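The values are calculated or read from the model by the stated rules, or taken from the named source; none is laboratory data. Just so we're clear, the structure is a prediction, and the values are computed from it rather than from any experiment. Here the Cβ is made from the backbone with ideal geometry for all residues, glycine too, and neighbour counts use every protein chain on show.
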Amino acid sequence: MIKQNDISFSKFDAWILAIRPKTLPAAIMPVLVGTAIAIHDNKFKPVAALIALLCSLLIQIGTNLVNDLYDYLKGTDKKERIGPQRAAASGLLTVNELKFGIYLVFSLSFLLGIYLIAIAGWLVLLIGVLSIIAGIIYTAGPFPLAYNALGDIASFLFFGFIGTVGTYYVQANEITAFVFWASIPVGSLITNILVVNNYRDKEEDKLNGKKTLAVLFGETFSRFQYLIFMIASYSILFIVYFTFRKSIWVFLPILSLPISIKLIKMIYTFKGKELNKTLELTAKLSAIYGLLFAIGILV
């Protein structure tokens, strides 16, 4: 049992902290939407969908563990950080423990992915390997994406296009324009989680030499980026309706619009630790929108 600020942590608690359960809906949303389109197109393969979900969750967990470890090793995460507590920086998990967790989680993801490769071919192998590599070099390596203003692009690409389209592909063995357009709001809303995170940590990141878009272009750019991703997420619904799925139910995600408006107000007014609330609600919005979008596609 480890004590931090008069709070006791077991090893189990420490691992839960490092895994970051609140981020896991970001791994679920692309699989949910991709599978909903597969069901709509009569291409649904339940085992493939389940394994795609497990692989997505494991890669997200592995990425979180790498982020926890290497932000600590680079000196970016400290005990006094503005954001949520981190396992390595707080001394709750050792470097070796986190390295073991990283190897274990990514290895499990690859082993599970072998089934998807068997049913959908070499392209899935490429997607899986690239996803694991991206999860590692997001924070680690000689050119970490998150430290070189490429985190937003990686997030949009892997959570949006690769996550959604990849899920559909392992079930349908093809890629359609419908699933491509549907991947855009998925990637946009999940990337907005990162936008808030980098907006909140701008000053800390600048001091630590971490070059995010917020550091390079400032707060006005970050707020505008957040707004554009919100607008894009709801605008895509009209493309889906008029081009692919002429059913009023695809507009179901508009029910989440009041949350989006609230979040836009928050990012234009909140500062520092207040933005932790914005971060949490942004993650919840991505999950709510994804669930409503999936239901709308199916109905």
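Can you confirm whether region 217-233 contains a residue that is in a helix (DSSP H, G or I), within 17 Å of residue 291 (Cα to Cα) and in contact (Cβ under 8 Å) with a residue 24 or more places away in the chain?
Initially, region 217-233 is screened for residues in a helix (DSSP H, G or I), giving 217, 219-233.
When the remaining residues are screened for being within 17 Å of residue 291 (Cα to Cα), the result is 230, 233.
If we keep only those that are in contact (Cβ under 8 Å) with a residue 24 or more places away in the chain as well, we get 230, 233.
Yes; the residues of region 217-233 include at least one that is in a helix (DSSP H, G or I), within 17 Å of residue 291 (Cα to Cα) and in contact (Cβ under 8 Å) with a residue 24 or more places away in the chain.
Of note, residue 121 does not satisfy the criterion of being closer than 19 Å to residue 106 by Cβ and surrounded by fewer than 22 Cβ atoms within 10 Å (Cβ to Cβ). Set side by side, the residues 69, 65 differ, and just one is at pLDDT 90 or above, over 24 Å from residue 189 (Cβ atoms) and surrounded by 24 or more Cβ atoms within 10 Å (Cβ to Cβ), which is 69. The set of residues in region 155-196 that are polar (S, T, N, Q) and either surrounded by fewer than 21 Cβ atoms within 10 Å (Cβ to Cβ) or assigned to a loop (DSSP other than H, G, I, E, B) (or both) comprises 173, 176. Residue count for region 21-59, restricted to those that are surrounded by 20 or more Cβ atoms within 10 Å (Cβ to Cβ) and among the charged types (D, E, K, R): 0.
Please go through region 232-258 and give me each residue that is under 19 Å from the mean Cα position of the chain (by Cα) and among the hydrophobic types (A, V, I, L, M, F, W, C), ordered by number. Result: 232, single match. Contact annotation: residue pairs with Cβ atoms under 6 Å, 6 or more positions apart or on different chains, pairing a residue in region 1-23 that is modelled with pLDDT of 90 or more with a partner that is part of a helix (DSSP H, G or I) and charged (D, E, K, R), are 18/68.
For region 24-36, the condition holds for at least one residue, the condition being that it is in contact with a Lys or Arg (Cβ under 9 Å, 6 or more places away or on another chain), within 21 Å of residue 193 (Cβ to Cβ) and at pLDDT below 95.
Out of the residues in region 257-299 that are farther than 16 Å from residue 184 by Cβ and of a type in the set (Gly, Ala, Ser), which is surrounded by the fewest Cβ atoms within 10 Å (Cβ to Cβ)? Don't jump to the end; show me each part of the working.
Within region 257-299, the subset farther than 16 Å from residue 184 by Cβ is 257-259, 261-284, 287-288, 291, 295, 298-299.
Add one more test, that the residue is of a type in the set (Gly, Ala, Ser), and what stays is 272, 283, 287.
Values: 272: 10, 283: 23, 287: 19.
Step by step, filter region 257-299, then rank; the result is 272.
Among the residues making up region 199-213, those that are in a helix (DSSP H, G or I) and modelled with pLDDT under 95 are 200, 202, 203, 204, 205, 206, 207. Among residues of region 133-154 that are at positive phi, those with a beta-carbon under 7 Å from a residue that is in a helix (DSSP H, G or I) and crowded, with 19+ Cβ neighbours inside 10 Å at least six positions away or on a different chain give the pairs 149/213. Under 7 Å between Cβ atoms, which residue pairs at least 6 apart in sequence (or on different chains) link something in region 264-283 that is part of a loop (DSSP other than H, G, I, E, B) with a partner that is surrounded by 14 or more Cβ atoms within 10 Å (Cβ to Cβ) and of a type outside the set (D, E, K, R)? Short answer, once both residue conditions are applied: 270/278.
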